[in-house]
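Novice: The structure's right below; bear with me while I get my questions together.
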Amino acid sequence: MAKADVGLIGLAVMGQNLALNIESRGYRIAVYNRTGERTQEFVQRAEGKNVVPAYSIADFVAQLTRPRRIILMVQAGAAVDAVIEQLLPYLEAGDVIMDGGNSYFTDTRRRQAALQEQGILFLGAGISGGEEGALRGPSIMPGGTRKAWELMEPILRQIAAQVDGEPCCAYIGSDGAGHFVKMVHNGIEYGDMQLICEAYFLMREVLRLSAAEMSEVFSSWNKEELQSYLIEITADILRVIDPETGLPLVDVILDTAGHKGTGKWTAQEGLNLGTAIPTIAEAVFARYLSARKDERTTAAEVLAAPDVHRDLQHLGRLTIDDIRAALYAAKICSYAQGFALLQEAAREYHWHLDLGQIALIWRGGCIIRAQFLNHIKDAYAHEPKLQNLLVDPHFRDVIAANQKGWRKTVACAAQLGVPIPGFASALAYYDAYRQARLPANLLQAQRDYFGAHTYQRVDKTGVFHTQWTNR
């Protein structure tokens, strides 16, 4: 029997769909799962396809042509290390292991270094698009040794989403670069989703629109500059009626949000690398606060609300176009923060990240795919060393055109007591970034006062300390 071109370990939903995607491109694929029952179930699903099941690691490896190409689709963390340890006795120098899960980038760096000592090539590839993307074409962000990429490149570029004839897959950089970029993608995704939810909340709580009316608004936005997968599915969600209650389904869903960790990692890396990403961090914190449902319910009964009645006078202050302006401007700031984090990571970890290329591979397959990303590609094509997306001429003009509605939205929400941490933090980020002078001079004086941390002066060079009192 002919051996398989590639092997895949881990047959949960993502692994199954990725295996079927690979097979559909003309590859013979060997599959293995820790539980044999799952393998048998998948074989039944893949009946008639060029899939070779294996029920032990030894049998799995024996099915593969050399150099062996193995994709891991197992849970991030200890499970990845465990599977690698099981594989090593059967592998040879020049074989490739690719981790396609949501691994933390420092783990990917560690694994590549350890495997390199044994001659095994390693690739850490972020894969975005969910189960549908895995089956029909995801966005793929591979990082690791160049040789590992060269061996996996034909498969990955074929199975990736295609936009304008180009695959949404490109070599990101060495060691953990691919997983870092996927992590930031997810952080931006957190920001996007939070901002959309705030637009929905304002339309519901302030403008008092029905779910059907809001669906029409999001549908119209999806035909303009806000066109994106997340706007599209939001319009779809708001149309669905719960068959049990006759209410919009979204209204009977409990308002507590889940999370899987990549947003938290992104916020942590902002702190680690000294890069301000407040809108992304606020999106993470908003999910944490939503989970405190019982506390919020109790607090709603005892905490004072603004002394403002939501009468027609107040409702008339805000328009749908104001909210659209706020959403668009805040989205630009959120992406600017994400790309600033990528720039700082490239400096810190000695990666050569092509930020314009990264924007291109996010145009299809992934959750944040949007027309908007073409403008980001153009920004970095025009100025590869661009310090921040906010100063790109296109985005600078868009912010200028939308900031009146953005400021009006934030002010109105604050007056009415409607929480919009994403919109507000993005506006604060924009206003801080455009200030030539911030109050950090006083902060530095305070630090010098209580801790002799010293300070610099605006009128001469050097480092200074003052004895602030005679006490």
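Novice: Provide a single number: the residues in the stretch 76-117 that are part of a helix (DSSP H, G or I) and not β-branched (Val, Ile, Thr).
Specialist: 20
For every residue, the table says whether it meets (1) over 23 Å from the mean Cα position of the chain (by Cα); (2) open to solvent by 10 Å² or more (accessible area, probe 1.4 Å).
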| position | (1), (2) |
| --- | --- |
| Gly124 | no, no |
| Glu131 | no, yes |
| Gly143 | no, no |
| Arg146 | yes, yes |
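Table: residues versus (1) open to solvent by less than 60 Å² (accessible area, probe 1.4 Å); (2) at pLDDT 95 or above; (3) not in a helix (DSSP H, G or I).
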{"residue": "Val217", "(1), (2), (3)": "yes, yes, no"}
{"residue": "Ser220", "(1), (2), (3)": "yes, yes, no"}
{"residue": "Leu230", "(1), (2), (3)": "yes, yes, no"}
{"residue": "Gly274", "(1), (2), (3)": "no, yes, yes"}
{"residue": "Glu282", "(1), (2), (3)": "no, yes, no"}
{"residue": "Phe285", "(1), (2), (3)": "no, yes, no"}
{"residue": "Leu289", "(1), (2), (3)": "no, yes, no"}
{"residue": "Thr297", "(1), (2), (3)": "no, yes, no"}
{"residue": "Ala305", "(1), (2), (3)": "no, no, yes"}
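Novice: Within the stretch 184-215, can you find the residues that are in contact (Cβ under 8 Å) with a residue 24 or more places away in the chain, part of a helix (DSSP H, G or I), surrounded by fewer than 18 Cβ atoms within 10 Å (Cβ to Cβ) and of a type outside the set (Gly, Ala, Ser)?
Specialist: Listed by number, the residues that qualify are Phe201, Glu205.
Novice: Counting only residues that are more than 15 Å from Gly124 (Cα to Cα) and out of contact with any Lys or Arg (no Cβ under 6 Å at 6 or more places or on another chain), which one in the stretch 160-173 is most open to solvent (accessible area, probe 1.4 Å)?
Specialist: Among residues in the stretch 160-173 that are more than 15 Å from Gly124 (Cα to Cα) and out of contact with any Lys or Arg (no Cβ under 6 Å at 6 or more places or on another chain), the one most open to solvent (accessible area, probe 1.4 Å) is Asp164.
Novice: Filter the stretch 328-371 for residues that are among the basic types (Lys, Arg) and at pLDDT below 95; which is surrounded by the fewest Cβ atoms within 10 Å (Cβ to Cβ)?
Specialist: Checked the stretch 328-371; the qualifying residue surrounded by the fewest Cβ atoms within 10 Å (Cβ to Cβ) is Arg363.
Novice: I need the full set of residues from the stretch 232-245 which are open to solvent by less than 50 Å² (accessible area, probe 1.4 Å) and not in a helix (DSSP H, G or I), in order please.
Specialist: Hit for the stretch 232-245 is Asp242, nothing else.
Novice: Quick one: would you say Gln435 is modelled with pLDDT of 95 or more and in contact with a strand residue (DSSP E or B) (Cβ under 6 Å, 6 or more places away or on another chain)? Please lay out each step first, then the result.
Specialist: Numbers: modelled with pLDDT of 95 or more: yes; in contact with a strand residue (DSSP E or B) (Cβ under 6 Å, 6 or more places away or on another chain): no.
Spelling it out, it is not the case that Gln435 is modelled with pLDDT of 95 or more and in contact with a strand residue (DSSP E or B) (Cβ under 6 Å, 6 or more places away or on another chain).
Novice: Still on this structure, I have one more. Please enumerate the residues belonging to the stretch 3-23 that are in a helix (DSSP H, G or I) and either over 16 Å from Ala76 (Cβ atoms) or open to solvent by 10 Å² or more (accessible area, probe 1.4 Å) (or both).
Specialist: Val13, Met14, Gln16, Asn17, Ala19, Leu20, Asn21, Ile22, Glu23
Novice: Counting only residues that are under 28 Å from Ala161 (Cα atoms) and hydrophobic (A, V, I, L, M, F, W, C), which one in the stretch 372-418 is surrounded by the most Cβ atoms within 10 Å (Cβ to Cβ)?
Specialist: Across the stretch 372-418, the extreme among qualifying residues is Ile376.
Novice: Which residues, counting only those in the stretch 31-56, are in a helix (DSSP H, G or I) and not β-branched (Val, Ile, Thr)?
Specialist: The answer is Gly36, Glu37, Arg38, Gln40, Glu41, Phe42, Gln44, Arg45.
Novice: Let me ask another. With respect to the numbered conditions (1) surrounded by fewer than 21 Cβ atoms within 10 Å (Cβ to Cβ); (2) under 29 Å from the mean Cα position of the chain (by Cα); (3) under 26 Å from Gly77 (Cα atoms), which one is the sole condition not fulfilled by Arg38?
Specialist: Unmet for Arg38, out of (1) surrounded by fewer than 21 Cβ atoms within 10 Å (Cβ to Cβ); (2) under 29 Å from the mean Cα position of the chain (by Cα); (3) under 26 Å from Gly77 (Cα atoms): (2).
Novice: Sticking with this one: For the stretch 165-181, enumerate the residues that are part of a loop (DSSP other than H, G, I, E, B), touching a helix residue (DSSP H, G or I) at 6+ places or on another chain (Cβ under 9 Å) and at positive phi.
Specialist: The one that is part of a loop (DSSP other than H, G, I, E, B), touching a helix residue (DSSP H, G or I) at 6+ places or on another chain (Cβ under 9 Å) and at positive phi: Asp175.
Novice: Tell me, yes or no, whether the stretch 118-126 has at least one residue that is outside any strand (DSSP E or B), touching a helix residue (DSSP H, G or I) at 6+ places or on another chain (Cβ under 7 Å) and closer than 17 Å to Leu8 by Cα.
Specialist: No, that holds for no residue.
Novice: Now, a different point. In the stretch 401-418, what residues are closer than 11 Å to Val206 by Cα and among the aliphatic types (A, V, I, L, M)?
Specialist: Ala413, Leu416, Val418
The values are calculated or read from the model by the stated rules, or taken from the named source; none is laboratory data. What you are looking at is a predicted structure, and each value in this text was computed from that prediction instead of being measured. Here the Cβ is made from the backbone with ideal geometry for all residues, glycine too, and neighbour counts use every protein chain on show. Quick note on the areas: whole protein, heavy atoms, side chains included, nothing else; ligands and nucleic acids left out. Shrake-Rupley method; radii C 1.70, N 1.55, O 1.52, S 1.80 Å.
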